[in-house]
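The values are calculated or read from the model by the stated rules, or taken from the named source; none is laboratory data. No experiment lies behind these values; they were computed from the predicted model shown. For neighbour counting, all protein chains shown are included, and Cβ atoms are generated from backbone atoms with ideal geometry for every residue, glycine included. Just so you know, the surface numbers come from the protein's heavy atoms only, side chains and all, with ligands and any DNA or RNA stripped out. Shrake-Rupley method; radii C 1.70, N 1.55, O 1.52, S 1.80 Å.
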Amino acid sequence: MRNEFLPFSTPTIEDAEINEVVDSLRSGWITTGPKVKRFEEAFGAYVGAPFAVPLSSATAGLHLTLLALKIEDGDEIITTPMTFVSTVSMIVLAGGVPVLVDIEPGTLNIDVTKIREKITPRTRAIIPVHFAGQACDMDPLFALAAEFGLTVIEDAAHAAGSEYKGKRIGSLDSVSIFSFHPNKNITTGEGGMVCTGDEALAEEVSLLKFHGMSREAWKRFAATGTPNYDILLPGFKYNMMDIQAAIGIHQLPKLDGFIDSRKAIADFYNRAFATVDELAIPVTAPYQQRHAWHLYTPLVRIEMLTLDRDAFMAELKKENIGTGLHYKAVHHHPWYRENLPQTEQSLPNADYASDRILSLPLFPRMTEDDAADVVAAVKTVIARHRK
Ligand SMILES: *Cc1c(COP(=O)(O)O)cnc(C)c1O
């Protein structure tokens with residue numbers, strides 16, 4: 001057994017990030033300023049988005065994008081149950097009704113072929129989540145959205161660096177929302193970015209993110225700005241700070257290398273687990289895409305074992321292996337169980353995955369020895385609890 005606990009994820013923070021934060025702290029300019037602008041431009045250029053709006057989190061990005069849609073009470077937004085709750089919570093807080101569509105059993109992405117039957121005259125938008133960093137099948141999804149006049153909002157929290165048919169997520173004809181939480185592929189501590197080609201939407205999100213002040217309002221205390229400002233509408237306080245962007249500026253150039261490291265570990269796991277019947281390894285989508293490997297999420301075949309998934313995770317912890325849970329399906333959480341109008345309706349593939357999924361350690365600084373420890377621990381737990 002391993003001597004040291006292996007966490008399921010940890011960010012790679014090096015001297016460049018640390019020195020840049022210190023530089024911000026010493027400079028007298030800590031909050032939104034020139035470094036946020038630099039990060040905004042660099043990230044927008046990387047993903048291929050004409051407009052990028054930096055924010056305090058992806059949750060803020062989802063909230064403001066949905067508010068910018070001007071949802072009215074009872075408007076329906078289609079999304080997946082296999083996501084972090086904030087995707088669905090923001091639909092509720094923006095005044096919409098979340099409509100969950102089941103996932104594909106393999107990729108765990110929303111099953112695009114099951115969306116049509118959920119579209120009603122009240123449907124306004126579809127929010128696909130690129131689960132674990134593997135792009136959803138966007139061509140048929142866009143075709144459906146065009147047919148019914150729906151907005152597509154990509155929850156791209158897992159998908160910094162992902163590609164769909166040769167195009168970066170962030171450059172498709174929609175709006176994409178990225179997260180820079182410490183577990184994500186690159187981090188700013190906390191942070192998010194709304195990326196789009198829709199200038200009016202970017203402008204609206206910009207206004208809403210900072211008290212309703214016009215776009216370049218951060219300059220009001222700088223040499224090039226004026227202290228006066230106009231409030232164009234009541235807004236939130238969702239801006240990213242320079243001390244956050246200072247981290248992001250040095251994370252972004254490493255993103256492709258991070259993904260390569262993650263992929264190497266994922267490939268190692270896939271080879272090692274190919275012969276382990278009790279574990280269903282992640283399935284690759286049949287279309288061309290670049291997987292960003294934000295997560296490595298096998299399904300534990302609990303019917304072959306004498307313990308459930310939560311106990312499996314607890315056993316791994318005893319072996320000094322950390323795990324994550326991405327995700328318990330949204331409709332299994334108490335509030336959604338009670339408040340979703342469709343709780344009675346079954347989402348069999350999501351239910352199946354929700355009871356069996358776990359996230360094994362996956363982060364760029366992991367070594368092959370670390371991964372071998374994970375594989376050994378998983379095999380030990382399985383051997384101990386085989387039916
Ligand atoms: C992390 C995550 C979010 C929220 O991101 P924050 O930056 O933490 O607000 C939303 N959706 C998904 C799928 C996520 O993984």
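Mind telling me which of the residues S171, S162, S176 ends up being within 12 Å of the ligand (Cβ to nearest atom), of a type in the set (S, T, Y) and within 21 Å of Q289 (Cβ to Cβ)?
S176
Got a sec? Which strands (runs of 3 or more DSSP E) wholly within region 63-133 have at least 1 residues that are over 15 Å from L150 (Cα atoms) and touching a residue at least 60 places away in the same chain (Cβ under 8 Å)? It would help to see each step written out before you state the result.
Details: elements: 76-79, 97-100, 123-127.
So the answer is 97-100.
Against the conditions (1) on the phi > 0 side of the Ramachandran plot; (2) more than 10 Å from the ligand (Cβ to nearest atom), where does K114 fall short? Just the number, please.
So the condition that K114 fails would be (1).
Every residue in region 44-63 that is away from the ligand (no atom under 14 Å from the Cβ) and farther than 13 Å from A202 by Cβ, please.
A45, Y46, V47, G48
Determine which single condition K237 fails, assuming it passes every other condition in (1) within 24 Å of G48 (Cβ to Cβ); (2) within 16 Å of the ligand (Cβ to nearest atom).
Single failed check for K237: (1).
Restricting attention to region 70-99, which residues are in contact with a His (Cβ under 7 Å, 6 or more places away or on another chain) and within 12 Å of V129 (Cα to Cα)?
P81, V85
Check Q288 against each of (1) under 24 Å from M1 (Cβ atoms); (2) touching a residue at least 40 places away in the same chain (Cβ under 8 Å); (3) surrounded by fewer than 21 Cβ atoms within 10 Å (Cβ to Cβ) and name the one condition it does not meet.
(1)
Restricting attention to region 157-195, which residues are among the polar types (S, T, N, Q) and outside any loop (DSSP other than H, G, I, E, B)? If you could, list the steps in order and put the result at the bottom.
Kept after step one, since they are among the polar types (S, T, N, Q), are these residues of region 157-195: 162, 171, 174, 176, 179, 183, 185, 187-188.
Answer for region 157-195, where residues must be among the polar types (S, T, N, Q) and outside any loop (DSSP other than H, G, I, E, B): S176, S179.
Say we look at region 117-132 and pick out the residues that are within 14 Å of the ligand (Cβ to nearest atom) and touching a helix residue (DSSP H, G or I) at 6+ places or on another chain (Cβ under 8 Å); which of these is nearest to I71 (Cα to Cα)?
Taking the candidates together, the pick is I127.
Kindly provide the set of residues from region 341-387 that are surrounded by fewer than 21 Cβ atoms within 10 Å (Cβ to Cβ), of a type in the set (G, A, S) and either modelled with pLDDT of 95 or more or not assigned by TED's automatic domain parsing to the domain that holds G324 (or both), ordered by number.
A372, A376, A383
When you check L66 against the structure, is it closer than 22 Å to P234 by Cβ, over 16 Å from the mean Cα position of the chain (by Cα) and within 13 Å of the ligand (Cβ to nearest atom), yes or no?
Yes; evaluated as a whole, the condition is true for this residue.
Residue by residue through region 179-205, note down the ones that are within 11 Å of the ligand (Cβ to nearest atom) and either over 13 Å from the mean Cα position of the chain (by Cα) or free of Cβ contacts under 8 Å to residues at least 12 places away in the same chain (or both).
If the condition is that a residue be within 11 Å of the ligand (Cβ to nearest atom) and either over 13 Å from the mean Cα position of the chain (by Cα) or free of Cβ contacts under 8 Å to residues at least 12 places away in the same chain (or both), then T188, G189 are the ones that fit.
Determine whether P7 is surrounded by fewer than 18 Cβ atoms within 10 Å (Cβ to Cβ) and touching a Cys at 6+ places or on another chain (Cβ under 9 Å).
The answer is no for P7.
Would region 248-266 turn up any residue that is among the small types (G, A, S), assigned to a loop (DSSP other than H, G, I, E, B) and more than 28 Å from L69 (Cα to Cα)? Steps first, please.
Here is the first cut: in region 248-266, the ones among the small types (G, A, S) are 248, 257, 261, 264, 266.
Restricting the remaining residues to those that are assigned to a loop (DSSP other than H, G, I, E, B) gives none.
The answer is no; no qualifying residue exists.
D73 - would you say it is assigned by TED's automatic domain parsing to the domain that holds F178 and modelled with pLDDT under 95?
yes
Which of the numbered conditions does R309 fail, given that it passes all the others? Conditions: (1) away from the ligand (no atom under 16 Å from the Cβ); (2) open to solvent by 30 Å² or more (accessible area, probe 1.4 Å); (3) farther than 26 Å from K167 by Cβ.
Going through the list (1) away from the ligand (no atom under 16 Å from the Cβ); (2) open to solvent by 30 Å² or more (accessible area, probe 1.4 Å); (3) farther than 26 Å from K167 by Cβ, R309 breaks only (2).
Condition test on N228, is it in a loop (DSSP other than H, G, I, E, B) and either more than 15 Å from I30 (Cα to Cα) or open to solvent by 70 Å² or more (accessible area, probe 1.4 Å) (or both)?
Working: in a loop (DSSP other than H, G, I, E, B): yes; either more than 15 Å from I30 (Cα to Cα) or open to solvent by 70 Å² or more (accessible area, probe 1.4 Å) (or both): yes.
When the stated conditions are applied, N228 passes them.
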